[in-house]
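Peer 1: After the structure tokens below, expect a handful of questions from me.
The values are calculated or read from the model by the stated rules, or taken from the named source; none is laboratory data. This structure is a prediction, so every number in the text was calculated from the model and none was measured. Positions of Cβ are backbone-derived with ideal geometry, glycine not excepted, and every protein chain shown enters the neighbour counts.
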Amino acid sequence: MFTGIIKDLGAVRRLCRAEDAYRLEISSRRVFGDVEIGDSVAVNGVCLTLVEKNMGVMSFDVMEETARCSGIAGLKDGDVVNLEGALKANGSLGGHFVLAHVDCIGSIKEMKRQGGDFLMEIAFPMEFAHLVVEKGSVAIDGVSLTVGGVKASAFGVYLIPHTLKSTNLGLKRAGDSVNIEFDIIGKYAARLKSLESGSRITEDFLKKKGF
């Protein structure tokens with residue numbers, strides 16, 4: 001479990017094939033000192049298990065499915081990534097509940113200044129439209145953000161100067177891809193509604209059964 005509050009900006013040292021998986025190496029300062037082998041780390045919003053650490057470099061094995069469903073496979077040497085260690089039992093939930101299980105990849109349509117903030121508009125697959133709620137929570141590359149506006153196949157998020165400075169979102173440009181994870185509470189609510197709408201227990205059914 002994570003919160004979407006980025007703890008460190010890491011740099012990709014290497015991404016290579018390793019048998020049936022990828023090996024991802026990331027240099028880090030703050031997160032490196034807080035984690036141990038076997039711990040979970042969110043890398044651009046993707047939950048990965050730390051398998052090796054040495055001289056400020058963390059190594060992760062990335063399965064094919066994880067690479068396919070996220071932007072991990074597209075990382076290049078030197079790319080800046082958002083890092084967050086797993087939430088500890090005595091930790092503070094500063095953002096929202098983030099599982100770091102990416103739902104889809106979005107594409108930045110535009111970034112523009114609005115007052116003292118920046119608006120990032122992100123296009124996403126229409127099949128996830130029911131999970132986007134204005135003023136609701138969403139994780140973009142692992143960053144906990146609030147949906148500022150919803151269109152047919154895109155939504156906007158507002159970025160304050162601190163977010164632009166302390167995450168890699170300040171380096172993004174129109175056309176770049178981002179990992180999207182929708183709010184887990186919203187996903188459960190959507191699932192419940194789907195089950196209820198498909199239920200065979202109707203008022204007519206109950207009357208026929210004598211209720």
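Peer 1: Among the residues of region 151-165, how many are surrounded by fewer than 17 Cβ atoms within 10 Å (Cβ to Cβ) and either part of a helix (DSSP H, G or I) or at pLDDT 95 or above (or both)?
Peer 2: Looking only at that region, the number is 3.
Peer 1: Kindly establish whether residue 13 is of a type outside the set (Phe, Trp, Tyr) and either within 21 Å of residue 180 (Cβ to Cβ) or modelled with pLDDT under 95 (or both).
Peer 2: Numbers: of a type outside the set (Phe, Trp, Tyr): yes; either within 21 Å of residue 180 (Cβ to Cβ) or modelled with pLDDT under 95 (or both): no.
It is false that residue 13 is of a type outside the set (Phe, Trp, Tyr) and either within 21 Å of residue 180 (Cβ to Cβ) or modelled with pLDDT under 95 (or both).
Peer 1: Restricting attention to region 71-93, does a residue exist that is in contact (Cβ under 8 Å) with a residue 12 or more places away in the chain, β-branched (Val, Ile, Thr), out of contact with any helix residue (DSSP H, G or I) (no Cβ under 6 Å at 6 or more places or on another chain) and over 19 Å from residue 139 (Cβ atoms)?
Peer 2: No: zero hits.
Peer 1: Continuing with the same structure: Can you tell me which residue within region 117-137, out of those that are part of a strand (DSSP E or B) and among the acidic types (Asp, Glu), is nearest to residue 178 (Cα to Cα)?
Peer 2: 121
Peer 1: Would you check if there is a residue in region 9-22 being touching a Leu at 6+ places or on another chain (Cβ under 6 Å), of a type outside the set (Val, Ile, Thr), crowded, with 21+ Cβ neighbours inside 10 Å and within 30 Å of residue 185 (Cβ to Cβ)?
Peer 2: Looking through region 9-22, at least one residue is touching a Leu at 6+ places or on another chain (Cβ under 6 Å), of a type outside the set (Val, Ile, Thr), crowded, with 21+ Cβ neighbours inside 10 Å and within 30 Å of residue 185 (Cβ to Cβ).
Peer 1: With 192, 169 as the choices, which residue is buried (at least 16 other Cβ atoms within 10 Å of the Cβ) and modelled with pLDDT of 80 or more?
Peer 2: From the options 192, 169, the qualifying one is 169.
Peer 1: Counting only residues that are more than 18 Å from residue 16 (Cβ to Cβ) and part of a strand (DSSP E or B), which one in region 55-94 is modelled with the lowest pLDDT?
Peer 2: 85
Peer 1: In region 3-26, which residue that is in a loop (DSSP other than H, G, I, E, B) and of a type in the set (A, V, I, L, M) is nearest to residue 50 (Cα to Cα)?
Peer 2: So the residue we want is 6.
Peer 1: I would also like to ask the following. What is the residue count in region 37-54 for residues that are within 22 Å of residue 97 (Cα to Cα) and either outside any strand (DSSP E or B) or out of contact with any helix residue (DSSP H, G or I) (no Cβ under 8 Å at 6 or more places or on another chain) (or both)?
Peer 2: Adding up the residues that qualify gives 9.
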